[in-house]
Amino acid sequence: MATTTTLAKADESVEYAARLEHVSKSFATPGGQQLVLDDITLDVAPGEFVTLLGASGCGKSTLLNLVAGLDRPTTGSIATDGRPALMFQEHALFPWLTAGKNIELALKLRGVAKNDRRDKAEQLLELVRLKGAYDKRVHELSGGMRQRAALARALAQESRLLLMDEPFSALDAITRDVLHDELTRIWQETGVSVLFVTHNVREAVRLAQRVILLSSRPGRIAREWEVGIPQPRRIEDAPVAELSLEITDVLRGEIRRHGQH
Amino acid sequence: MASTETTPAKDAGSVEAGLDALETTATSRPTFRQTFTSKILPPIIALAVVLVAWTLLVPVVDDPSKLPSPTAVGDAFKDAWLKGDLLGYIWTSVSRGLLGFLFALAIGTPLGLLVARVKFVRAAIGPILSGLQSLPSVAWVPPAVIWLGLNNSMMYAVILLGAVPSIANGLVSGVDQVPPLFLRAGRTMGATGVKGIWHVVLPAAMPGYVAGLKQGWAFSWRSLMAAEIIASFPDLGVGLGQLLENARTASDMAMVFEAIILILFVGIAIDLLIFSPLERWVLRSRGLLVKS
């Protein structure tokens, strides 16, 4: 397992941001062991944007927890290039701190010197276009602003890999659309690798270079698509819609199998 | 393919600024006039009603040894003030109460944290701790007198036994209510172990903790008054409890009223000056205080 986050960006010795090999996870339930993830093998290349797509019960969130190191796989191995940053469906900003101090806490825990934190936090807020929100309390921010502040906090960890667990699913459609543009811009500017979990097919196609479809119960990799459509994309673009249709059909086929037992 | 002229990335910034402006509303603080009519005026009216009822009741009872007139009680205050004793009574009790409360804070906080975070400790003493809250702390006065004698340590012991369970329990319930999401977020940022407790668990548990402090103060004050009334001893200095007990022995009803009013007044004043502002600040900074 690659352990340090201090590796230079051009370091050739780490050719992945995350590497999952034959990862399985089962949980003990009253009815015995339940297999949630089955034999997942997957690489996320440095700088790559991958979305994991699946219906309920595909173990998407479980998989992210495993990669984030919040839980251990039952079998198989997971290696990441440093500790990944994780962003949740809810913003998870700490309400007892201002937006700026939330970011500074992440910097502090990473070991950034006290004098540099304020400047760094302001820069990150500017990156997510929240200039001037440093002193704002979390409850004073709108839903979209909270998610951007949470993104800034995740970026403050300077991880090589950013894990995102349906981060935009609680937002209204207009805000979500704008945040897709922002995420794409920030991903391109920072060169961070992203593993993005969603159940929204169009969102997956709009954002990713590679879409991985998981089947449900247990979660297995069902299919993979390379998305060759050049950025900037829009969710309304015809090629995005076309590929979404194709993926939706496969997804529906996967879901249909569960009704036939 | 690209159906619009502006690029999405360029466009996003301005759209975003518009969205931000639409979705945030400015909140303003209430004016003094609003605060006065909604917060200050009602208790003043209530107080006036009580005074009027009291004055009307005095000729009906017609026995100053049972119900002294408001003016007689006022005179008792004036006497104590002119003799220079009034502040002394208050200070003796308040200094005891606050010092005892600080001891209780120093013991109750780590104890609460231990009960909240260590399963074995919780199973072992959790139920006792919450049970102790319902034990009136007056019950501790006789054993405390026997163990420690008639001195200040006895008073502090009684305060501790009254306040520590409240403070510890407040912290435990505060920690229990910390959303698991915050703990996960903290862990992914590297806040584990002591760092996790300091940066995530304790601040997240603040609302419950402050509620516990508030209750802890009420219990401290009550226990202290019980201790002062039961174990009055001239060498200890005259606090408000002793004042009440002295008045009873002297059958001076006006002084009894004076002592009761002072005990009530100090309890409320400390709460209004220290604990209520603290609680409001904690809740408001988290957006938990909804203005009605």
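Close contacts from the range B:72-83, counting a first residue that is free of Cβ contacts under 8 Å to residues at least 40 places away in the same chain and a second that is among the small types (Gly, Ala, Ser), with Cβ to Cβ under 9 Å and a gap of 6+ residues or different chains, come to B:74/B:254.
Checking the structure you have, find out if any residue of the range A:206-222 is in contact (Cβ under 8 Å) with a residue 60 or more places away in the chain, touching a strand residue (DSSP E or B) at 6+ places or on another chain (Cβ under 8 Å), within 14 Å of chain B (Cβ to nearest Cβ) and not basic (Lys, Arg). Checked against the condition, which is being in contact (Cβ under 8 Å) with a residue 60 or more places away in the chain, touching a strand residue (DSSP E or B) at 6+ places or on another chain (Cβ under 8 Å), within 14 Å of chain B (Cβ to nearest Cβ) and not basic (Lys, Arg), the range A:206-222 yields at least one hit.
Table: residues versus (1) modelled with pLDDT of 85 or more; (2) assigned by TED's automatic domain parsing to the domain that holds residue A:128; (3) among the small types (Gly, Ala, Ser).
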{"site": "A:192", "(1), (2), (3)": "yes, no, no"}
{"site": "A:214", "(1), (2), (3)": "yes, no, no"}
{"site": "A:217", "(1), (2), (3)": "no, no, no"}
{"site": "A:228", "(1), (2), (3)": "yes, no, yes"}
{"site": "A:231", "(1), (2), (3)": "no, no, no"}
{"site": "A:236", "(1), (2), (3)": "yes, no, no"}
{"site": "A:239", "(1), (2), (3)": "yes, no, no"}
{"site": "A:242", "(1), (2), (3)": "yes, no, no"}
{"site": "A:245", "(1), (2), (3)": "yes, no, no"}
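State whether one or more residues within the range B:30-50 are loosely packed, with under 10 Cβ neighbours inside 10 Å, away from chain A (no Cβ under 14 Å), at pLDDT 80 or above and not in a helix (DSSP H, G or I). So far as the range B:30-50 goes, yes, one or more of its residues are loosely packed, with under 10 Cβ neighbours inside 10 Å, away from chain A (no Cβ under 14 Å), at pLDDT 80 or above and not in a helix (DSSP H, G or I).
Of the candidates A:227, A:178, the single residue that is at the interface with chain B (Cβ under 8 Å from one of its Cβ atoms), of a type in the set (A, V, I, L, M, F, W, C), over 22 Å from residue A:69 (Cα atoms) and buried (at least 21 other Cβ atoms within 10 Å of the Cβ) is A:178. Looking at the range A:97-113, can you tell me whether even one residue there is facing another protein chain (nearest Cβ under 10 Å) and in a strand (DSSP E or B)? The answer is yes; a qualifying residue exists.
Kindly evaluate residue A:151 against the criterion of being assigned to a loop (DSSP other than H, G, I, E, B), surrounded by 18 or more Cβ atoms within 10 Å (Cβ to Cβ) and within 13 Å of chain B (Cβ to nearest Cβ). Spelling it out, it is not the case that residue A:151 is assigned to a loop (DSSP other than H, G, I, E, B), surrounded by 18 or more Cβ atoms within 10 Å (Cβ to Cβ) and within 13 Å of chain B (Cβ to nearest Cβ).
For (1) surrounded by fewer than 18 Cβ atoms within 10 Å (Cβ to Cβ); (2) of a type in the set (Ser, Thr, Tyr); (3) farther than 27 Å from residue B:14 by Cα; (4) in contact with a strand residue (DSSP E or B) (Cβ under 8 Å, 6 or more places away or on another chain), each residue gets a yes or a no:
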residue	(1), (2), (3), (4)
A:99	no, no, no, yes
A:114	yes, no, yes, no
A:146	no, no, no, no
A:166	no, no, no, yes
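Of the numbered criteria (1) in a helix (DSSP H, G or I); (2) more than 19 Å from the chain's Cα centre (by Cα); (3) more than 14 Å from chain B (Cβ to nearest Cβ); (4) buried (at least 16 other Cβ atoms within 10 Å of the Cβ), the one residue A:240 fails is (3).
For every residue, the table says whether it meets (1) within 14 Å of chain A (Cβ to nearest Cβ); (2) touching a Lys or Arg at 6+ places or on another chain (Cβ under 7 Å); (3) assigned to a helix (DSSP H, G or I); (4) of a type in the set (A, V, I, L, M).
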residue: B:209; (1), (2), (3), (4): yes, no, yes, no
residue: B:213; (1), (2), (3), (4): no, no, yes, yes
residue: B:218; (1), (2), (3), (4): no, no, yes, yes
residue: B:272; (1), (2), (3), (4): no, no, yes, yes
residue: B:275; (1), (2), (3), (4): no, yes, yes, no
residue: B:281; (1), (2), (3), (4): yes, no, yes, no
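The residue of the range B:149-192 that is nearest to the other protein chains (Cβ to nearest Cβ), among those that are within 24 Å of residue B:109 (Cβ to Cβ), free of Cβ contacts under 8 Å to residues at least 12 places away in the same chain and surrounded by fewer than 20 Cβ atoms within 10 Å (Cβ to Cβ), is B:187.
The values are calculated or read from the model by the stated rules, or taken from the named source; none is laboratory data. In this text, all values refer to a predicted model and were calculated from it rather than measured experimentally. Don't worry about glycine lacking a Cβ; one is built from the backbone with ideal geometry, like all the others, and counts go over all protein chains shown.
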